[in-house]
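Quick notes on the structure that follows.
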Amino acid sequence: MKYFKPDIILDRVFDLNVEKLKKNRIKGVIFDIDNTLAYNAEPEPDEKVTAFLKALQKEGFQIALVSNNNKMRVTTYNQNLKLPHIYRACKPLKFKLSKIIKAFGIERKEACMVGDQLFTDIWGGKRMGMFTVLVKPFDDNEERFIRFKRKVEHFFLR
Ligand SMILES: [Mg+2]
């Protein structure tokens, strides 16, 4: 079960604390895109996301985007960011995450995975020995869906 327990849980990706990362000797941060940095329908990063990622780079962190989504989605999102990126990453499988960490030239434990999904991002990161950060999904539709699911669960529990 330890593979499903993120090291940090955040409401928003912007709450990521630089000092906390440094304290844990993190040198590279790998971001999921959908529902972590971006709303699902958002083709390109907004100014806030761009500024946030640039600030992290300025602090000395290497940054990459690793998404299970397709080539079009990831390359369009990354067009102006120009970050190392991987699409169809097959998270939670290890090999593509491993590729990025090697490209960073750092150790796995010096890499941090930031994502919204326990069974892809967190599991994928944890089984690699990475530091993991779970961001609560903020897509409205998904939230509504989850609320609906909870109601159904509640109904069945009674
Ligand atoms: Mg996601």
(message) Need the failing condition index for Asn17 against (1) surrounded by fewer than 12 Cβ atoms within 10 Å (Cβ to Cβ); (2) over 24 Å from Ile106 (Cβ atoms), just the number.
(response) (2)
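Yes/no matrix, rows are residues, columns are (1) free of Cβ contacts under 8 Å to residues at least 40 places away in the same chain; (2) in contact with a helix residue (DSSP H, G or I) (Cβ under 7 Å, 6 or more places away or on another chain); (3) more than 14 Å from the ligand (Cβ to nearest atom); (4) over 19 Å from Ile100 (Cβ atoms):
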| site | (1), (2), (3), (4) |
| --- | --- |
| Tyr3 | no, yes, yes, yes |
| Asp15 | yes, no, yes, yes |
| Glu19 | yes, no, yes, yes |
| Ile30 | no, yes, no, no |
| Ile33 | no, yes, no, no |
| Thr36 | no, yes, no, no |
(request) Name the single residue, out of those in segment 126-138 being buried (at least 24 other Cβ atoms within 10 Å of the Cβ) and within 13 Å of the ligand (Cβ to nearest atom), that is modelled with the lowest pLDDT. (result) Val135
(request) May I ask you to list the residues in segment 98-120 that are within 16 Å of Val29 (Cβ to Cβ) and within 14 Å of the ligand (Cβ to nearest atom)? (result) Met113, Val114, Gly115, Asp116
(request) Answer yes if at least one residue in segment 65-72 is within 16 Å of the ligand (Cβ to nearest atom), among the polar types (S, T, N, Q) and in contact with a Ser or Thr (Cβ under 8 Å, 6 or more places away or on another chain), and no otherwise. (result) yes
(request) Give me the pairs, please: first residue somewhere in segment 71-91 and free of Cβ contacts under 8 Å to residues at least 24 places away in the same chain, second residue anywhere and in a helix (DSSP H, G or I) and of a type in the set (Gly, Ala, Ser), beta-carbon distance under 7 Å, and either six or more positions apart or on two chains. (result) Pro84/Ala103
(request) May I ask you to say which residue of Leu16, Leu10, Leu37 is of a type in the set (A, V, I, L, M, F, W, C) and touching a Cys at 6+ places or on another chain (Cβ under 9 Å)? (result) Leu16
(request) Just give me the residues in segment 85-97 being within 15 Å of the ligand (Cβ to nearest atom) and hydrophobic (A, V, I, L, M, F, W, C), in sequence order. (result) Ile86, Ala89, Cys90, Leu97
(request) List the number of the failed condition for Trp123; all other conditions in (1) of a type in the set (Phe, Trp, Tyr); (2) more than 24 Å from Ile9 (Cβ to Cβ); (3) within 15 Å of the ligand (Cβ to nearest atom); (4) at pLDDT below 95 hold. (result) (2)
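The values are calculated or read from the model by the stated rules, or taken from the named source; none is laboratory data. Predicted model, so just to flag it, every value in this text is computed and none were measured. Please note: Cβ atoms are built from the backbone with ideal geometry, for glycine as well, and neighbour counts cover all protein chains shown.
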